Every structure is written in structure tokens, then in C-alpha cells.
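See structure below.
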Amino acid sequence: MIRAQGLTKRYDDFVAVDGIDFAVERGESFGILGPNGAGKSTTMRMLGATLQRTSGDLMILGRDPAHEGPTIRAHLGVVPQQDNLDTELTVTENLYTYGRYFGLPKSYLMPRIDELLAFAQLEDKRSAKVDALSGGMKRRLTIARGLVNEPSILLLDEPTTGLDPQARHVLWDRLFRLKETGVTLVITTHYMDEAEQLCERLVVMDGGRIVAEGAPAALIREHSTREVVEVRFGSDRNAEVAAQLGDIGERLEVLPDRILIYTDAGEADLQRIVARGFMPVTSLVRRASLEDVFLRLTGRTLADE
Amino acid sequence: MRGSWRGATRVAEYRLRNMWKWRNSIIAFGLGNPVLYLASVGLGVGLLVDTGSGGVDGVPYLVFLAPALLAAAAIQGGQDEVTFPTIAGFIWEKLFFAMRATSLTGGQIADGVLLAAALRVVFTTAVYWLVLALFGAVEWTSALPLITVSTYAGLCWAALMLAVAANVKNEDGFLAFTWRLVIMPMFLFSGTFFPLSTLPLALQWIGWISPLWHATQLGRWLSYGMPLEPWQAALSVAYLLAMGVVGVVVARRRFERRLTS
């Protein structure tokens, strides 16, 4: 569906995307994980045929976006980071006018809008003005809008940024259902839990480059231990304590607010720390996540930016 | 090319739907504006002028004034209908970016906004003309020539303002600024209320560069036969056309570039 080779976007002397290679297959849900400024949104706009690449090759649905932008976009659904809905129109009118941009006829759009309202759980709000919707509802409407032309690929840029936890879970559920219907999803996110939930395969981007690629579980296996012990001793003591825990676990990271110990036996290692007389203010044993992969690969946390 | 035209009509269709939300104010403004001007300036000042000096340019003041008011309404309506949606589309709601994510191109979006503005101008001008006719300020037979020339001027000006608005990075009073420092001086110094020749020479240039003055000249010629050399008429038509062509070319390029960078 998508094939990128040496894809590059340069602005004057700033390289936003620096020669990345990846491919997305039909029906896959593909993630681009990385901190803000990693080049995710720039990549997404090139995939959406709204930004011309500086160099490299890019094929979307077998076509080159530099030459066949409108044809490609007719088969894409785009959910931008910011909901750019028309706040003066109603929910239904937003879907209808967007469908008309593609030249879709009314006879197709009316039943399609009913399906989309059901999918987005906005049936009660069909005549409401967009202004009156909550953040989560607006996001669902933007996603429904992106589906109006029955796209082959849906591009979602940071779909749950700015939403409260409950709204995020509703949205994940909707995207999961969409995935089950066979739509190819491309999702950028800086939330590792989102990437783990929604993406079968992902690339980790940092500074415009891809630093890792694979299925979330495989990436975690490859770059981290199974479990992580997080202990906090207060920001002034973390480094001092860490110096005396070097032999515990496989590897240890000291962050400003906590120490991370990478191990395959979290509970046992936590017991050993306590047995040495170090009483953490808080402690947590958890499964390793993509956050740990990112930390390992870049030396920074996703939240650093 | 045919596909390109279709894209513009889809954008215009959306714009008309959006305007429909404002139909009450569009109709109220479209009717109220001419009635107020005609009642106050047309009849009030007109009485003073007509009894004082027997009209202007050999005709009653109201007849002299009417083509200018009509052209001004077309130009102001055209400007409103391109500047607000363009600022909203690029800055406030960023709707143009949503449109450009579909199969539409930047050029089609620019054309569509202008096309919808043209329809609004035709509507506003037709209503205005009707009020003028009811007040006896224009002949009933002047409908086609007067509405055509005013709409033409309004559209050419709208194209230019479309290009200008597409370059605005940050609204920051742009809309209020253009209204007070472009539309108002244009309205006052384009020979609208008195012949341009009565202004000091140092101020007459405002009229010469003003689309309103050119439209008014053509309108007066068509309405009551104000003397106008054919070359003068041709120059006014060409001047307005140049404004429109430059506007469309710049706006199309600017829209596409801004939506793809």
C-alpha cells in the first residue's frame, strides 16, 4: 500500500525527515512512534500527498504523490492532529460537505453518513453544531469524516492527544473495530501505550530517522528485559543509591525522578534492594514497554521533549 | 480542465451552504444598506443639492449617486465574501487544510471561494438595484447593464483581495484594517458622492486607482448617459480585468503553496 525509500524532507538547512525506508502492507495497522519533533507529522503529510518530498522514492497505492496527488487523495482518509471541522455547521453537514469535496453524490452520502454516525457513536448528535461537542466527540467526528470516501488507507496523526483517558479508550475501541474491517491504518503517536494497543508493527523515529522497526512485542524482547523495577528515593538521592545497586538486574538507568532496573525477575530484585536497607519512597514492578525501548535506543524518555 | 472546474464548484457549494447559515444577516444587510443610504444621502442630501444647484452632472442627485452606491455594494460584498472565509480557512478553523486533504487542489479551493463570492455579489447587487429602481434612482431598463458592470467590478476586486488575504499570516486586525483603510477611503474618494473633478488634484489619484471609481464611471455612462469616451470605458474595463486576472493567478498559486508546505 505504501513504500518509502530514502524519503527525505528538508527545509532550508533543517532536515525534518532524513532518508527513511519503510513499507506498509494491505490491512496492516502501522505505527510511527516518536517524541514531538521526530518528523512523524512531516512524514504523515508526505503520505497524505499534501507535502512534497525533497528526495527519495514514495509510492502510495502504486502511485507517486508528486504526480498523482488528487487521485491518491481520493482513496485516502486523513485525520489531522487538530480537528479542522466547520464549527458553524452541524455534525451531519460536516460529513456531507466533506463527502461533496470528493464529488460523492447525495444518494451515496445519505446512507453512508448514517453508518458513520453509528460508527462514531454520534447518532444523538447528528443535528448538533460542532461547537457543542466534547473533545472526544469532535475527534470521533473527524475520524468519521476521514472515512466518508471509504478510503483504502486511513492516516491518523496523534489521534488521542489532548483527550481524557475515558475518551481515549472509546477512540481506541473504534479504531480497533475499524482495523477488523480491513482498513489499513497508519498512526503516529508519542504515547507508547497507544502504539502497543493499536499497532501490529511500528517504526520508532527520532531526529528524522528510523531507529527501530518491528512488532511492539518483538521490539520489547529485542531491546529490553521482560520486567522493569521502578524505584524512587527522591531526586537528590537517586544517583547515590543507584551507584550501590549496579549488580542488581541486567541493566540500570537513572532518570532525574527515578531509577529503572531492567530484569527478568522484578519482584525478587525489589526484595534484594530492600534487603540491603534501601527503602524506596515508591516502588513498582511492571512489564517492559515501548517506552523502555525508546529509552534504550535514544537515551531519552518520550516525555522528555 | 473540466475536472478542475468541477472541484471549484464543490468548494462553492460548501461556501453557499455556509452562507445559508448567515442568510438572515445577508438579506437584512442587502436590503437595509441601500434603503438607509437612499433615504439619508439620496433623498436628504439630494434635496439640498437639487434645490441648491439643480442636480449634478445634469441629472437629479439621486440618479447621479445610484450607480456609485451599486458598485460600492458589489465591491464591499465581494470583499467580505472572500476575506472572511480565507482568513477562517487558513487561520481560524483551518478548513482549507481539510479540503486540501481530499482530492481538491489549492487552486480549486481558491476558485471555489471566488465563485461563491460571485454569486453573493450577484444577489447583493440585484437586491440593491431593485431598491434603487423602487426609489426611482435608475431606469427599469438598466437592470442588465448596471448589475453586470457592478458585479464585474465586485468580482475583479474580490479576486485581488483573495490573493491578499491568502498572504495574511496572522489575522491581527487585518479585516478591520482593510475595512477602515481601504474600503472606507475608497468609498469616500472615488467620486461616489460628488464628481471626482471637484476634489483637489492632490487627492484625485485615489479615484484613478480605485476600482470603485472605474466601476462608477462605467455605471453612470450606462445609467444616465454620462459622457465617457470609448477609450475611457475600455481603459476602465481593462483596469478592472487586470486586477481580477492578477488576483486569480496569485491566489491560485498562493493557496496551493500555503496548503502544501
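The values are calculated or read from the model by the stated rules, or taken from the named source; none is laboratory data. In this text, all values refer to a predicted model and were calculated from it rather than measured experimentally. Please note: Cβ atoms are built from the backbone with ideal geometry, for glycine as well, and neighbour counts cover all protein chains shown. Side chains included, ligands, DNA and RNA excluded: accessible areas come from the protein's heavy atoms. Shrake-Rupley method; radii C 1.70, N 1.55, O 1.52, S 1.80 Å.
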### Task
Output ³J(HN,Hα) for segment B:28-41: one whole-Hz value per residue in order, computed from phi by the Karplus curve 6.51 cos²θ - 1.76 cosθ + 1.60 with θ = phi - 60°, and x for Gly and Pro.
4, 5, x, 8, x, 4, x, 4, 5, 5, 5, 5, 7, 6
### Distance between modelled label sites at B:Thr9 and A:Ala265, nm, 7 Å Cα→Cβ extension
7.6 nm
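Could you tell me the relative contact order of segment B:53-193? Use alpha-carbon pairs under 8 Å, at least six residues apart, and round to a whole percent.
Numbers: 137 pairs, mean separation 55.9, N = 141.
Taking the mean separation of contacting Cα pairs over the length of segment B:53-193, I get 40 percent.
Hey, what's the Cα Rg ratio for segment B:66-112 versus the globular rule of thumb, 2.2 N^0.38 Å?
Details: Rg = 14.1 Å, N = 47, 2.2 N^0.38 = 9.5 Å.
Scaled against compact globular proteins, the figure is 1.48.
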### Task
Extending each Cα 7 Å along its Cβ direction at A:Thr54 and B:Ala39, get the distance between those two points in nm, one decimal.
6.4 nm
### Message
Need one number: % antiparallel among DSSP beta bridges in chain A, to the nearest 5.
### Response
65 percent
### Message
How shielded is B:10-17 by partner chains, expressed as the average number of their Cβ atoms within 10 Å of its Cβ atoms?
### Response
4
### Filtered trypsin sites (Lys or Arg not before Pro), segment B:138-240: DSSP coil and at most 10 other beta carbons within 10 Å
B:Lys169
### Message
Compute the angle between helix A:135-146 and the longest alpha-carbon principal axis of chain A, please, reported from 0 to 90 degrees and rounded to the nearest 10.
### Response
50 degrees
### Message
What does the charge count around B:Val246 come to, taking other residues whose C-beta lies under 14 Å from its C-beta (Lys +1, Arg +1, Asp -1, Glu -1)?
### Response
+3
### Task
Using just the alpha carbons, could you tell me how many Å³ per residue the convex hull of segment A:5-77 encloses?
95 Å³
### Viscosity 0.890 mPa s, 25 °C: Kirkwood-radius Stokes-Einstein D of the protein assembly as shown over Cα pairs, µm²/s
89 µm²/s
### Query
Roughly how many Å² is the accessible area per residue of the protein assembly as shown, as a whole number, for a 1.4 Å probe?
43 Å²
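Tally the DSSP beta bridges in the protein assembly as shown and give the antiparallel ones as a percent, rounded to 5. Can you show the working numbers first?
Working: 36 of 54 bridges.
If I count the DSSP bridges inside the protein assembly as shown, around 65 percent turn out antiparallel.
What is the projected area of the convex hull of the Cα atoms of segment B:19-157, averaged over all directions, in nm²?
Details: hull surface 37.9 nm².
Computed as one quarter of the Cα hull surface, the answer is 9.5 nm².
To the nearest 20 Debye, how big is the dipole of chain B about its Cα centre, given +1 on the beta carbon of each Lys and Arg and -1 on that of each Asp and Glu?
Details: 18 positive and 12 negative charges, 242 e Å.
Using only the charged Cβ atoms, the result is roughly 1160 debye.
About the Cα centre of the protein assembly as shown, how large is the charge dipole given +1 on each Lys and Arg Cβ and -1 on each Asp and Glu Cβ? Please answer in debye to the nearest 20.
On the way: 55 positive and 58 negative charges, 267 e Å.
Result for the protein assembly as shown is approximately 1280 debye, rounded to the nearest 20.
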### Task
Report the percentage of all Cα-Cα pairs in segment A:14-171 whose separation exceeds 27 Å, rounded to a whole percent.
28 percent
### Summary
Of segment B:137-162, those with amide N under 14 Å from the point 7 Å along the Cα→Cβ vector of B:Val249 are B:160
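Where does segment B:99-157 land on Rg/Rh, using Cα atoms and the Kirkwood Rh?
Details: Rg = 15.5 Å, Rh = 13.0 Å.
Using Cα coordinates only, the ratio equals 1.20.
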### Query
What fraction, in whole percent, of alpha-carbon pairs in segment A:170-305 exceed 23 Å separation?
42 percent
#### Entry: Total formal charge among the other residues, if their Cβ is under 12 angstrom from that of B:Gly154, Lys/Arg +1 and Asp/Glu -1
-1
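Need one number for chain B: average projected area of the convex hull over its C-alpha atoms, nm². Numbers along the way, then the final one.
Working: hull surface 58.2 nm².
Taking a quarter of the hull surface, the average projection is 14.5 nm².
How much FRET efficiency would the formula 1/(1 + (r/R0)^6) give for A:Met110 and A:Thr181, where r is the Cβ-Cβ distance and R0 is 25 Å, rounded to 0.05?
The calculated FRET efficiency here is 0.75.
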### Message
Give me the inter-chain shielding for B:92-100: mean count of other chain Cβ atoms within 10 Å, whole number please.
### Response
6
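Tell me, what % of the accessible area of segment A:54-209 is carbon and sulfur with a 1.4 angstrom probe?
Details: 2940 of 6110 Å².
Ligands and nucleic acids excluded, carbon and sulfur give 48 percent.
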